[in-house]
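Following: one structure in structure tokens, then a few remarks.
The values are calculated or read from the model by the stated rules, or taken from the named source; none is laboratory data. Every value quoted in this text rests on a predicted model; they were computed, and no experiment measured them. For neighbour counting, all protein chains shown are included, and Cβ atoms are generated from backbone atoms with ideal geometry for every residue, glycine included. These area figures cover heavy atoms from the full protein model, side chains too; ligands, DNA and RNA do not enter into them. Shrake-Rupley method; radii C 1.70, N 1.55, O 1.52, S 1.80 Å.
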Amino acid sequence: MDVRDYIDANASGFFDALKEWLTIPSISGDPERRDDVRRSAEWLAAHLRDTGFPTVEIWETDGLPAVFAEWPAEDPAAPKVVVYGHHDVQPVEPLEEWETAPFVPFEKGERLIGRGASDDKGQVFFHTLGLKANLAASGRTAPPVTVKMLIEGEEESGSPHFADLLRANKDRLACDAIVISDTTMWAADVPSMCTGMRGLTEAEVSLYGPALDLHSGSFGGAVPNPLHAMSALLAGLHDERGRVTLDGFYDGIVELTEEERALFAKLPFDEGKWLETAGESGAAYGEEGFTTLERVWARPTAEINGMWGGHTGPGGKTIVPREAHAKLSFRLVAGQDPVQVQEAFRSYVAAHTPPGVRAEVRIPGPGVRPCFSPIDSPGVLAAKRAMEKAFGTEILFTREGGSGPEADLADILAAPLVFVAVGLDEDQIHAPNEKVEMPLLLKGAEAAAYLWDEFAAGL
């Protein structure tokens, strides 16, 4: 029996088991669902044992549990691969917008609807079917590479304990590559691989002037106005080309290659339709010299998220306000470090705060580092071959503008990332009626089945 025949023969049982897992409301952000997150981990651990993994453990954290499983290769010298995903899910409100109860999964045509169907239980689950298909087709009793699965329980809550978990188990997680199955493809008929995710750091800046609000007739134009100062400070963050003006902001970033730009250009991107999805924005905008896709995937940004101060209530109030505030976020690309960007922003604020105004900058945390996998790296090429064999067509490349724990995986385990996923942007992963395309999950399982032999030969 070949891989595709095995998957087709076992598809019904695969979806029945997945639907059982999807009934567990493992919402990590809800304290009342902590027991359900643990129940989800226990369910997955039992299923991985049934799949054949000889080692399956629930790893405790200071928060919610992760699941670890390992299936050694017959050859001790074979490459080792970690598969990362998560078993926790997003909250489900507003409930009234769901077609049915969010934890009562149901099929609608070729779609499976339910919280976690795409993000990320469905994509974690296809690896179990893929591994069994690989063994069935080869006649082996162990995979051609050592497969280690690490399925987190707090990803939807910002992975607060994940880095510590990785450090504590670094030796057991030693690997030659890390497979990430928590992203999306361009479209069902345009399969693709993600090769990077932007990082993130945030800041809040406050400017203080007079000790109290002043009458603008008596003092306006004669003392510094914190809102004027804030407006100038924020306006100066970008130059006339749309580039961020922080000192050293672009130093060391990994620039797009001409090959990557050409591959991005092959994607069937309709900017007009994209603008409709962007809140019906009236025009594309950003750093000169780059396309819209290049801007959202591979260029760093500075965004003003909010600004306030002075009188904002009904009616007029003619004052010089005593203070002004703003919140900002910076999306980062490979080669940038969040802490360095934070320090550059502090220096920028200090240099652009006028006399008579006092500035405070608050940074909420260390930020999230970007991650990136070169398209010509051995792991990416091996996964591309596996996906092309499954989909029967060329695999293109994308990136993602968001952030996750992938950089911690790459940095702490010192291994390259390889993104193998079959979710779609229209899966409504954080919204009511989350769904996954069932044929795509089976394609994911098929790609995973081919992946292990490709890794054995190519890593």
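In the chain, with Lys and Arg counted as +1 and Asp and Glu as -1 at Cβ, which of these residues, Gly236, Leu267, Ala101, has the Cα nearest the positive end of the dipole, that is, farthest along it? Looking along the dipole axis, the top candidate is Gly236. Note that region 303-459 shows a convex hull volume over its alpha carbon atoms of 175 Å³ per residue.
Please give every one of the lysines within straight-line cross-link reach of Lys317, meaning a C-alpha to C-alpha distance under 26 Å, and leave out same-chain neighbours fewer than 8 residues apart. By straight Cα distance, Lys317 reaches Lys327. By the scheme Lys and Arg +1, Asp and Glu -1, what is the net charge of all other residues having a beta-carbon under 14 Å from that of Glu271? Result for the neighbourhood of Glu271: -2. The value of relative contact order for the chain, using C-alpha pairs under 8 Å at least six residues apart, is 26 percent. Which distance in Å, rounded to a whole number, links the C-alpha centroids of region 150-168 and region 226-300? Between the Cα centres of region 150-168 and region 226-300 lies a distance of 31 Å.
First compute the accessible area of the chain with a 1.4 Å probe, then give the percent of it belonging to carbon and sulfur atoms. Please report the intermediate quantities before stating the final value.
On the way: 9750 of 19630 Å².
Looking at the chain in its full context, I get 50 percent from C and S.
If you fit an axis through the alpha-carbon atoms of helix 438-458 and take the longest principal axis of the Cα set of the chain, what angle between them do you get, 0 to 90°, nearest 10? Once rounded, one gets 80 degrees.
Please give the calculated 222 nm ellipticity per residue for the chain, where each DSSP H segment of at least 4 residues contributes -39500 (n - 2.57) and the sum is spread over every residue; nearest 500 deg cm²/dmol? Mind showing how you got there, number by number?
Numbers: 13 runs with 157 residues, N = 459.
Computed ellipticity for the chain at 222 nm equals -10500 deg cm²/dmol.
Taking the solvent-accessible surface of protein heavy atoms with a 1.4 Å probe, what is the per residue accessible area of region 1-62 in Å²? The partial results should precede the final answer.
Details: 3210 Å² over 62 residues.
The answer is 52 Å² per residue.
Using Cα-only point scatterers and the Debye equation, what is log10 of I(q)/I(0) for region 102-149 at each q in 0.23, 0.33 Å⁻¹, rounded to two decimals? The Cα Debye sum returns log10 ratios of -0.82, -1.21.
The eigenvalues of the Cα gyration tensor, multiplied by 5 and square-rooted, give region 3-144 an equivalent ellipsoid with semi-axes of 29, 20, 10 Å from largest to smallest. Distance from a point 7 Å along Cα→Cβ of Ser347 to each backbone N in region 227-257: keep the residues under 12 Å and list them by number. Only 246-251 fall inside the zone, counting backbone N under 12 Å.
Of the GluC sites (Glu not before Pro) found in region 105-210, those in coil by DSSP whose Cβ has at most 13 other Cβ atoms within 10 Å are Glu110.
Using R₀ = 30 Å, calculate the FRET efficiency as 1/(1 + (r/R₀)^6) where r is the Cβ-Cβ separation of Ala457 and Asp270; round to 0.05. Each step should come with its number before you reach the end.
Values: r = 38 Å, r/R0 = 1.28.
My answer for the efficiency is 0.20.
In a DSSP loop and with at most 16 other Cβ atoms within 10 Å, the GluC sites (Glu not before Pro) in region 375-405 are Glu394. Ranked by the mean number of other Cβ atoms within 10 Å of their residues, highest first, the peptides 308-314, 417-423, 377-383 come out as 417-423, 377-383, 308-314. For a modelled paramagnetic label at Glu96, 7 Å from Cα along Cα-to-Cβ, the residues of region 411-433 in reach, with backbone nitrogen under 19 Å, are 431-433.
Of the labelled figures (1) 47, 29, 22; (2) 45, 24, 22; (3) 34, 25, 22, only one reflects semi-axes √(5λ) of the Cα gyration tensor in Å as derived from the coordinates, namely (2). As a quick test, which of the pairs Lys273/Lys389; Lys121/Lys384; Lys108/Lys266; Lys132/Lys389; Lys384/Lys443 have an alpha carbon distance above 25 angstrom in this structure? Check vs 25 Å cut-off fails for Lys273/Lys389; Lys108/Lys266.
The GluC sites (Glu not before Pro) of region 24-69 meeting both criteria, a DSSP state outside H, G, I, E and B (loop) and at most 14 other C-beta atoms within 10 angstrom of the site's C-beta, are Glu60. Using only the Cα atoms of region 210-254, each taken as one equal point scatterer with no solvent, compute I(q) by the Debye sum, divide by I(0), and report log10 of the ratio at q = 0.26, 0.27, 0.32 Å⁻¹. With no solvent term, the Cα-only Debye profile gives -0.94, -0.98, -1.15.
With θ taken as phi - 60° and the Karplus curve 6.51 cos²θ - 1.76 cosθ + 1.60 applied, the whole-hertz 3J(HN,Hα) list for region 241-255 is 9, x, 8, 6, 9, 4, 4, x, 4, 9, 5, x, 6, 7, 6 Hz, x standing for glycine and proline. Each of Ala298, Asn225, Ala142 was placed along the dipole of the chain (beta-carbon charges, centred on the mean Cα), and the one lying farthest toward the positive end is Asn225. Taking one quarter of the surface of the convex hull spanned by the alpha-carbon atoms of region 278-325 gives a direction-averaged projected area of 5.9 nm².
At q = 0.09, 0.14, 0.22 Å⁻¹ the log10 of I(q)/I(0) for region 113-240 amounts to -0.57, -0.89, -1.46, computed by Debye summation with a single uniform scatterer per C-alpha, solvent ignored.
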